[in-house]
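Here's the structure, in structure tokens; my notes come after.
The values are calculated or read from the model by the stated rules, or taken from the named source; none is laboratory data. Just so it is clear, the structure is predicted and the values come from calculations on it, not from any experiment. A quick note on method: Cβ atoms are made from the backbone with ideal geometry, for glycine too, and the neighbour counts reach across all protein chains shown. Heads up: the accessible areas ignore ligands, DNA and RNA and are worked out on the full protein's heavy atoms, side chains in. Shrake-Rupley method; radii C 1.70, N 1.55, O 1.52, S 1.80 Å.
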Amino acid sequence: MTAALKLGTRGSKLARWQAEWVQAALARAGTSAELVIIKTRGDADVDRPLHQLEGKGFFTQEIEEALLDRRIDVAVHSLKDLPTTLPAGLALAAVPQRADPAEALVTREAGVTSIAGLAPGATLGTSSLRRVAQIRYLRPDLDIVPLRGNVPTRIQKVKTGRDGLDAALLAQAGLERLDLAGDIAVRLDPLEVMPAPGQGALGLEVRADDVRVRGALAPLEDPVSARQVTAERSLLAVLGGGCQAPVAAYCGRREAGDGREVLYGRVTAQDGSVQITASAEIDEREPGAAGVRVAGLLRAQGASRLLGR
């Protein structure tokens, strides 16, 4: 009997859900797997916004080290947390079907159905620099405060008004995966508040030379999701901003014309004073090229200057 694959994951409720989803999908494909819980630097340091921590891979480095050390066979990541440049010897083996990449607004008071509907001077929690910048662009009057912790804890802080919170921004996918969709005040249009590259997708990372594990993961690959995240991550890689930079990306379809798939990219100044957006059609045969084109269009509008502030 072939040994069960060891799936490395963080220990949060959402991370465990994601790893258990992969475990169940593998079981349906005839491969057994077990979970290995690994604590990361991002889990240990919860008192500071992520952009204030030094280095990269806050939620991935320790899991990747376990993969290189052969303590696990597969690293299960939220793809938006995974740096675009992987350590030598590792590779992204599969991207399962993606969940909704949109942002969701959670509010203390009922009846708020948009960012515009928040009261003047309301307090909104998020520790994502990308979210902070875009909200400052839309609503410079809001008081934006750091908010970290697991998803249920963040929602509870909003619902109880702890720290004076009136609202928070979270990923729609995480709320739905934890059966917390009932707490969503509104799903935000991705072209209003654009998500992170890879948001809503899982990334299954392996040792590059592990043919057996690559084969076991092959049935979990979703070609559409893989194409989208390739385009989005290519944009981030070219801009060189890193996972915590105010770089956003979204794959959608043009409503006019032939409805072809399009990559939208956005960079916003940290103070919200300037926001630039660009788009390019995605070639199914070479999705990463769209990321290169959009990055070039954004740079032509001053993206490098904004990211360097």
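Is one or more of the residues making up the range 282-291 out of contact with any helix residue (DSSP H, G or I) (no Cβ under 7 Å at 6 or more places or on another chain) and not small (Gly, Ala, Ser)? Before you say what the answer is, go through the steps one by one.
Looking only at the range 282-291, we keep the residues that are out of contact with any helix residue (DSSP H, G or I) (no Cβ under 7 Å at 6 or more places or on another chain), and these are 285-286, 289.
Imposing the further condition that a residue be not small (Gly, Ala, Ser) reduces the set to 285-286.
Yes, because at least one residue in the range 282-291 is out of contact with any helix residue (DSSP H, G or I) (no Cβ under 7 Å at 6 or more places or on another chain) and not small (Gly, Ala, Ser).
Only one of Val229, Val274, Val211 is under 30 Å from Leu178 (Cα atoms) and among the β-branched types (Val, Ile, Thr). Can you tell me which?
Details: Val274 fails: under 30 Å from Leu178 (Cα atoms); Val211 fails: under 30 Å from Leu178 (Cα atoms).
Answer to the selection: Val229.
Counting just the residues of the range 53-67 that are in contact with a strand residue (DSSP E or B) (Cβ under 7 Å, 6 or more places away or on another chain) and modelled with pLDDT of 95 or more, which one comes out surrounded by the fewest Cβ atoms within 10 Å (Cβ to Cβ)? Write out each step before concluding.
First, pick out the residues of the range 53-67 that are in contact with a strand residue (DSSP E or B) (Cβ under 7 Å, 6 or more places away or on another chain): 60, 63-64, 66-67.
Filter again for modelled with pLDDT of 95 or more, leaving 63-64, 66-67.
Working: Ile63: 28, Glu64: 23, Ala66: 17, Leu67: 24.
Once the filter is applied, the top-ranked residue is Ala66.
Listed here are the residues, each with its yes/no results for (1) closer than 27 Å to Trp21 by Cα; (2) in contact (Cβ under 8 Å) with a residue 24 or more places away in the chain; (3) part of a loop (DSSP other than H, G, I, E, B); (4) open to solvent by 30 Å² or more (accessible area, probe 1.4 Å).
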| position | (1), (2), (3), (4) |
| --- | --- |
| Gly117 | no, no, yes, yes |
| Gly121 | no, no, yes, yes |
| Ser127 | yes, yes, yes, no |
| Arg130 | no, yes, no, no |
| Arg136 | no, yes, no, yes |
| Ile155 | yes, yes, no, no |
| Ala173 | yes, yes, no, no |
| Asp179 | yes, no, yes, yes |
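Quick check on my filter: what residues within the range 22-31 are buried (at least 16 other Cβ atoms within 10 Å of the Cβ) and either touching a Lys or Arg at 6+ places or on another chain (Cβ under 7 Å) or closer than 19 Å to Arg98 by Cα (or both)?
Of the residues in the range 22-31, the ones buried (at least 16 other Cβ atoms within 10 Å of the Cβ) are 22-23, 25-26, 31.
Of everything in the range 22-31, those that are buried (at least 16 other Cβ atoms within 10 Å of the Cβ) and either touching a Lys or Arg at 6+ places or on another chain (Cβ under 7 Å) or closer than 19 Å to Arg98 by Cα (or both) turn out to be Val22, Gln23, Ala25, Leu26.
Within the range 68-83, the set of residues being of a type outside the set (Lys, Arg) and either within 20 Å of Ala99 (Cβ to Cβ) or open to solvent by less than 50 Å² (accessible area, probe 1.4 Å) (or both) comprises Ile72, Asp73, Val74, Ala75, Val76, His77, Ser78, Leu79, Asp81, Leu82, Pro83. In the set (1) open to solvent by 10 Å² or more (accessible area, probe 1.4 Å); (2) in contact with a helix residue (DSSP H, G or I) (Cβ under 6 Å, 6 or more places away or on another chain), Ala216 fails one condition alone, (2).
Looking only at residues that are in a strand (DSSP E or B) and under 17 Å from Val229 (Cα atoms) in the range 257-277, which one is most open to solvent (accessible area, probe 1.4 Å)? Break it down stepwise before answering.
First pass over the range 257-277, keeping only residues in a strand (DSSP E or B): 261-268, 275-277.
Adding the requirement that they be under 17 Å from Val229 (Cα atoms) leaves 261-266.
Numbers: Glu261: 16, Val262: 0, Leu263: 0, Tyr264: 38, Gly265: 0, Arg266: 16 Å².
Ranking the candidates gives Tyr264 first.
Within the bounds of the range 234-246, is there any residue that is free of Cβ contacts under 8 Å to residues at least 60 places away in the same chain, in contact with a strand residue (DSSP E or B) (Cβ under 7 Å, 6 or more places away or on another chain) and assigned to a loop (DSSP other than H, G, I, E, B)? Scanning the range 234-246 turns up no residue that is free of Cβ contacts under 8 Å to residues at least 60 places away in the same chain, in contact with a strand residue (DSSP E or B) (Cβ under 7 Å, 6 or more places away or on another chain) and assigned to a loop (DSSP other than H, G, I, E, B). Quickly run through the range 86-115 and pick out the residues that are at pLDDT 95 or above, among the hydrophobic types (A, V, I, L, M, F, W, C), in a loop (DSSP other than H, G, I, E, B) and open to solvent by 50 Å² or more (accessible area, probe 1.4 Å). Within the range 86-115, just Ala88 meets the criteria.
In the range 203-212, the residue that is nearest to the chain's Cα centre (by Cα) out of those that are closer than 13 Å to Leu92 by Cα and surrounded by fewer than 19 Cβ atoms within 10 Å (Cβ to Cβ) is Ala208.
Pairs are defined by a Cβ separation below 6 Å, a sequence spacing of at least 6 or placement on different chains, a first member in the range 1-16 that is touching a residue at least 24 places away in the same chain (Cβ under 8 Å) and over 20 Å from Arg41 (Cβ atoms), and a second member that is of a type outside the set (Phe, Trp, Tyr) and part of a loop (DSSP other than H, G, I, E, B); the pairs so defined are Ala4/Ser32; Leu5/Asp73; Lys6/Ile72; Lys6/Asp73.
Counting residues in the range 228-251 that are more than 19 Å from Gln97 (Cβ to Cβ), among the polar types (S, T, N, Q) and either modelled with pLDDT under 95 or surrounded by fewer than 24 Cβ atoms within 10 Å (Cβ to Cβ) (or both) gives one or more.
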